[in-house]
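Below: the structure, in structure tokens.
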Amino acid sequence: MILVSLTQDIPVGDVVKQVSVLDLLFKGGYMMVPILLLSLVGIYIFVERLLTIKDAAKTPEAFITNIKQMVLQGNISEAVSLCQSTRTPIARMVEKGIARIGSPLKNIEASIENVGKIEIYKLEKNLGLLATISGAAPMIGFLGTVTGMIQAFISIAQEEGAVSPKLLSSGIYEAMITTAAGLFVGILTYLAYNYLVTRIGKLIHGMEYTSIDFIDLLQEPQK
């Protein structure tokens, strides 16, 4: 981690005190622990889902063309082998349809649709948790603000004489830093969630288009 130094204009003689980002995070208090954990979970989900979506979208452009030629020529076993070797959601949907060739068209459509629902569920796995993190992190940050201000007021109440800024600094640090950290994590996870949803939406559109194309294929006369 690269620590960015923030310069505070705090007059201590002629010395200008510098506080690193890590120091600020430590001053955020115990509420920084759940925020940090949420950020790590969010990063893991984003990277894992991004790689999963990237792999799912690797269907070759010539895949459906080759499938059409094989099915029209009656090479069903070769078409199934091609689907099994491709290993993408679209290929698994088409494979299910090929396995149902000879059944009523409605049954084939239902089989493809059921496989599609399962594949969509796999693609959307843990996205709900990512959305929860985007909302929970700012709320935890605001809770840290409340606890920090409570700490500051307790310090004021316990001080008999004049209240020094240094006495209040720990509570104010906790209040401000937890809010900033919570909002930062929440905003990033919210953006990550919407980005993944957009990518999945495009992939689902491709799956629907391919399934319709495959159903149309089955209505063509075979050679």
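The values are calculated or read from the model by the stated rules, or taken from the named source; none is laboratory data. Small disclaimer: the values here were computed from a predicted structure and weren't measured. All Cβ positions, even for glycine, are placed from backbone atoms using ideal geometry, and neighbour counts span all protein chains on display. Note: accessible area is taken over every heavy atom of the protein model, side chains too, but ligands, DNA and RNA are not part of it. Shrake-Rupley method; radii C 1.70, N 1.55, O 1.52, S 1.80 Å.
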Per-peptide average of other Cβ atoms within 10 Å, ordering 200-210, 178-188 highest first: 178-188, 200-210
Across region 203-209, in residue order, what do the Karplus-derived ³J(HN,Hα) couplings come to in whole Hz, using 6.51 cos²θ - 1.76 cosθ + 1.60 with θ = phi - 60° and x for Gly and Pro? 5, 5, 4, x, 5, 5, 4
With θ taken as phi - 60° and the coefficients 6.51, -1.76 and 1.60, list the Karplus ³J(HN,Hα) couplings across region 131-146 in order, rounded to whole Hz; mark glycine and proline as x. 5, 5, 4, 5, x, 6, 4, x, 5, 5, x, 5, 4, x, 4, 5
Counting only protein chains, not ligands or nucleic acids, how are Ser103, Ser85, Ser155 ordered by accessible area (probe 1.4 Å), most first? Ser85, Ser103, Ser155
Counting pairs of alpha carbon atoms under 8 Å apart in space and at least six apart in sequence, what relative contact order in percent does region 43-148 give? 25 percent
So, in Å, what gap is there between the alpha-carbon centers of region 73-108 and region 123-141? 37 Å
Distances longer than 18 Å among the Cα atoms of region 25-149: what percent of all pairs is that? 66 percent
In sequence order, calculated HN-Hα J values of region 40-47 (Karplus, 6.51, -1.76, 1.60; Hz; x Gly/Pro): 5, 5, x, 5, 4, 4, 4, 5
Using Cα-only point scatterers and the Debye equation, what is log10 of I(q)/I(0) for region 49-118 at each q in 0.12, 0.13, 0.24, 0.28 Å⁻¹, rounded to two decimals? -0.32, -0.37, -1.10, -1.29
Two-site label geometry, Ser85 and Ile101: point separation in nm, points 7 Å out along Cα→Cβ: 1.7 nm
